[in-house]
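For reference, the structure is listed below as structure tokens.
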Amino acid sequence: MNGGTAITHKWGSAPLPEAGRAYRVAVDTTFGCDPSFYQVIGNHMKRLDVVSGTYVTLGAASENYNGIGYNDEDGMIYGLKKKGSNMNLWRLNPNGQETDLGQIAAPSSNYPNGHYKADFDLEGNLYSINGLQLGRLDVDSLPLTGYENTLTQINSVNTGVHDIAYNEEFDQFYTVNQIGHILAIDHKANTIEDLGDFSSSLGNPSAFGAVW
């Protein structure tokens, strides 16, 4: 009771829409648990149907951005867009619409150069790699500030890679280099390790431009 007015709760199915009334429809603008594979090709974000092997183009053509990754914290995809020596962070929704979140204060020129090789951990940090330089950006922290650490090689490692992917089971990033070796990157211990030569399994060894 509130001011003499009773509030009645009724359990059951929702009522049917009434003619002539306006209703607000909730629209999910996040990627959620979408099982699709997203990739930047020719300045477009595209969704790959892994069953049919066909791409669907999302949104309009854009200036080049890359290094996209899915952020578990908010269900959105983020990417890096480089202009000269500057680097901006962009957020993308499932329709391919972009939001420029501003310029990243990078610690060195090595950080922007790895803009097309990136992925998220589970804490909202977008990691990018360039050689032995591992960049980290907390996309929720303003102003946007990049941090960088130098990786220690556990064994002899060829760092010619084109993308990285995070594996939450092992809390590490993985990639395939240009000679067909799988590498593991420990972003907490700041190490990189060659796990072995898989070139015979890959057929034509080369760096993978998109790692899932």
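The values are calculated or read from the model by the stated rules, or taken from the named source; none is laboratory data. These figures come from a predicted structure and were not determined experimentally. Note that we place each Cβ from the backbone using ideal geometry, even for glycine, and neighbour counts take in every protein chain shown. With ligands, DNA and RNA removed, areas are computed over all heavy atoms of the protein, side chains included. Shrake-Rupley method; radii C 1.70, N 1.55, O 1.52, S 1.80 Å.
Worth pointing out:
- The set of residues in region 50-66 that are exposed (fewer than 13 other Cβ atoms within 10 Å of the Cβ) and in contact with a Phe, Trp or Tyr (Cβ under 8 Å, 6 or more places away or on another chain) contains only Val50.
- Test: residue in region 186-199 that is modelled with pLDDT under 95 and touching a helix residue (DSSP H, G or I) at 6+ places or on another chain (Cβ under 6 Å): no
- Selection count, region 132-148, where residues are touching a residue at least 60 places away in the same chain (Cβ under 8 Å) and either surrounded by 13 or more Cβ atoms within 10 Å (Cβ to Cβ) or in contact with a Lys or Arg (Cβ under 8 Å, 6 or more places away or on another chain) (or both): 2
- Here Asn88 passes the criteria (1) part of a loop (DSSP other than H, G, I, E, B); (2) over 17 Å from Gly209 (Cβ atoms) except the one numbered (1).
- Residue identified as farther than 21 Å from Asn167 by Cα, of a type outside the set (Phe, Trp, Tyr) and part of a helix (DSSP H, G or I) among Pro112, Pro107: Pro112
- Exactly one residue among Leu195, Leu183, Leu151 is open to solvent by 30 Å² or more (accessible area, probe 1.4 Å) and touching a strand residue (DSSP E or B) at 6+ places or on another chain (Cβ under 6 Å), and that residue is Leu195.
- All strands (runs of 3 or more DSSP E) inside region 120-171 with 1 or more residues being farther than 11 Å from His187 by Cβ and among the acidic types (Asp, Glu): 133-138, 146-150
- Residue within region 82-101 that is surrounded by 14 or more Cβ atoms within 10 Å (Cβ to Cβ) and touching a helix residue (DSSP H, G or I) at 6+ places or on another chain (Cβ under 8 Å) present: yes
- Restricting Ile154, Ile164, Ile185, Ile179 to residues that are over 17 Å from Ser109 (Cβ atoms), in contact with a Pro (Cβ under 6 Å, 6 or more places away or on another chain) and in contact (Cβ under 8 Å) with a residue 12 or more places away in the chain narrows the list to Ile179.
- Residue among Gln133, Gln97, Gln103 that alone is touching a strand residue (DSSP E or B) at 6+ places or on another chain (Cβ under 9 Å) and at pLDDT below 90: Gln97
- Contacts under 7 angstrom Cβ, first residue in region 49-65 being assigned to a loop (DSSP other than H, G, I, E, B), partner loosely packed, with under 11 Cβ neighbours inside 10 Å and modelled with pLDDT under 85, 6 or more apart: Gly59/Asn95
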